[in-house]
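Structure first, then comments.
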Amino acid sequence: MTQTETGSRTRRRPTTHALDAQTQILEAADTLFYREGARAVGVDAVVKLAGLNKMSLYRQFESKDALLLHYLERRAQRFWGYFEASVARHPGQPREQLLQFFRDLATRATHPSYRGCPFVNIAAEFPDPTHPARLAVATNKTQLMERLRALAREADSPAPERLASGLALLIEGTYAASQTYPPGHPVVMAAVDTARTLLDALAPGTA
């Protein structure tokens, strides 16, 4: 590597100020995209909430679509943080790990600011399945199915694909119900008992 190459790379390294600006913009986008929808929110609203200007935004993100992808990446990390926190509460007990996830999901879904799954919301906003945001949605859902299948196998289910599919459908239903019923409604809270029924039927050895 030449000195010129090294110097060039050093100059491109984000400064602390740039990283702070990026964080401010991402936090503002996270709040607005989730609460109001990505299409409904313009970059003017994002920079206003961030306390910055458009130039600052475009220094960090080449386009609104690029910002949207960073938002989805951030939301994916948050989702998996929730998921793994639920799993960690019951080491070596896949049935209880799954039930804990549904308990925690139902609890989150009762919060007045809960707007359901950000990936479902984005899928509804962007009908083109080839749009980069839709590809990020597909990745999240594929990874979720893989994780559910793994837990179903760990639970010694004789039908891990059926169990994982049923649990995935229940997760999506909980997301939807959280937006069409009041916070804490029995329909939303029924997610835990319904998950237990699925596990009793398709992983009876863990009951």
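The values are calculated or read from the model by the stated rules, or taken from the named source; none is laboratory data. What you see is a predicted model; the values in this text were computed from it and never measured. Every residue, glycine as well, gets a Cβ built from its backbone with ideal geometry; the counts of neighbours run over all protein chains shown.
Some points to look at:
- Qualifying residue in the range 33-50 (condition: charged (D, E, K, R) and closer than 27 Å to Leu199 by Cβ): no
- Here Asp44 meets each of (1) surrounded by 14 or more Cβ atoms within 10 Å (Cβ to Cβ); (2) assigned by TED's automatic domain parsing to the domain that holds Gln24; (3) assigned to a helix (DSSP H, G or I) with one exception, condition (1).
- Failed condition for Tyr82, given (1) closer than 19 Å to Leu26 by Cα; (2) surrounded by fewer than 16 Cβ atoms within 10 Å (Cβ to Cβ); (3) of a type in the set (Phe, Trp, Tyr): (1)
- Within the range 140-163, being among the small types (Gly, Ala, Ser) and more than 19 Å from His90 (Cα to Cα) holds for one residue alone: Ala159.
- Listed conditions (1) surrounded by fewer than 17 Cβ atoms within 10 Å (Cβ to Cβ); (2) assigned to a helix (DSSP H, G or I); (3) in contact with a helix residue (DSSP H, G or I) (Cβ under 9 Å, 6 or more places away or on another chain) are all met by Asp156, apart from (2).
Every residue, every condition in (1) under 29 Å from Leu202 (Cβ atoms); (2) touching a residue at least 60 places away in the same chain (Cβ under 8 Å); (3) of a type in the set (Lys, Arg); (4) not in a loop (DSSP other than H, G, I, E, B), yes or no:
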| site | (1), (2), (3), (4) |
| --- | --- |
| Arg95 | yes, yes, yes, yes |
| Leu98 | yes, yes, no, yes |
| Phe102 | yes, yes, no, yes |
| Thr107 | yes, no, no, yes |
| Gly116 | yes, yes, no, no |
| Asn121 | no, yes, no, yes |
| Ala124 | no, no, no, yes |
| Thr130 | no, no, no, no |
| Leu135 | no, no, no, yes |
